[in-house]
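Undergrad: First, the structure itself, so that you have it in front of you.
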Amino acid sequence: MLQAIIRGKTNIRGKTTGGFRINEDLLTAIFFGRLPYLSEETQTSVLEILTNGQISPDSMEDISFWPRLDYKKQSWVEPDIKIECHKTTIIIEVKRPPSELGVNPQLPKQWESQLVALSHERRSDESPKPVIFVALGGTEPVKDFTFPEKSKKQYPFDLRLVILPWETVYEKILKLEPILKSDRAVVADWCKAFDHFPRLQPPPDVDSVATLGENFKAKEALDVLAAWAEPIWSPFYHLYDFAKTINFQEGFKWL
C-alpha cells in the first residue's frame, strides 16, 4: 500500500500540490504500520523521537491501532495508537501536518477523555505503568498547554505529555542511520512518503525559484510555489497566482 501511494497508483492524491489528500488515519497507517518491522534498536530510536526523549531505552511489546477504550456507559473513545512497552504505555493522538487543507488542531478535551478511559482500564493494576501521551501534529494552538496538577492526580498512573509537531519528527527521521539493511529500507520509505507532505519541509527560497524560471524550468518553479500557495492567506498565494500569468520563455525577470 505504501509503495502504491508513493508512486501515485491510488486515487487519494490531492489536486493542488500533487501530494496526499491527507487524513489522520492514512498518515497513522503509513508511519506506524512499519514500526513493528524495525529492529529493537531502531524501534527504540523512533520511540525516543516520538516521546521527545522522555522514554528511556525500552522494548516495544505491542502496538494497537485505533483501540477502543470504554469511556462511559455504552460509549467508548478511540486514540489513534497505543504502544505497550516493557516499562511504559504510549498513547498517540495523530493530526495531519500543515497542508493546503489548513490545520486540524489537537483538542485537550479529546486527550482527557482518552486518559479517563485508560484510567478505567488500569484501575485494578497494583502498579500501573507510567503513561506518555503524545499529541502528534496540529500542535500550534496547544504548544504551550500543560495538564494542571489537579487534573493529573485523577489518573492512577504517572502522566507525561509530549506536544510534538510533525516537522520535528520529519527532521529527526532524516537523521536516523540504521545499521540493518531492512531498517534502512523502512526509513527510506518513510522519507519518500514525507516528500508528499510539502509543508513539512522549509518554505521555498525565492532566489532558487527565480533560478528555475531563468533556466526556463517553468513547471518545476510552479510546482515549488504551488505546494505553498494554499490556503489564501499563505504568503505565496498571490505570488503563485501571478506566476501562472507570466510568459516563462522570458524567464522570471520579475523576481
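Undergrad: For the peptides 133-145, 180-192, what is the packing order when you average, over each peptide's residues, the other Cβ atoms within 10 Å and list the highest mean first?
TA: Values: 133-145: 18.2, 180-192: 14.7.
Most protected by this proxy first, the peptides run 133-145, 180-192.
Undergrad: When each pair of different Cα atoms in segment 46-163 is counted once in the 1/r mean, what is the Kirkwood radius in angstroms, to one decimal? Don't skip to the answer; put the middle values down first.
TA: On the way: mean 1/r = 0.0674 Å⁻¹.
Mean inverse Cα-Cα distance, inverted, gives 14.8 Å.
Undergrad: P(r) tail for segment 106-196, what percent of Cα pairs lie past 16 Å? Mind dumping the intermediate values first?
TA: On the way: 2621 of 4095 pairs.
Within segment 106-196, distances greater than 16 Å cover 64 percent of Cα pairs.
Undergrad: To continue, here is another question. Cross-link list 109/129; 95/172; 109/152; 95/129; 95/143: which exceed 20 angstrom alpha carbon to alpha carbon? Please list the in-between numbers first.
TA: Working: 109/129 23 Å; 95/172 18 Å; 109/152 14 Å; 95/129 25 Å; 95/143 14 Å.
In this structure, 109/129; 95/129 lie more than 20 Å apart at Cα.
Undergrad: Hey, with R₀ at 25 Å, roughly what FRET efficiency would residue 120 and residue 86 work out to, going by the Cβ-Cβ distance, to 0.05?
TA: Approximately 0.65, to the nearest 0.05.
Here, each number is a calculation from the coordinates, and none is a lab measurement. Just so you know, these numbers come straight off a predicted model, no measurement behind them. Ideal geometry is used to build each Cβ from the backbone, glycine not excepted, and the neighbour counts take in all protein chains shown.
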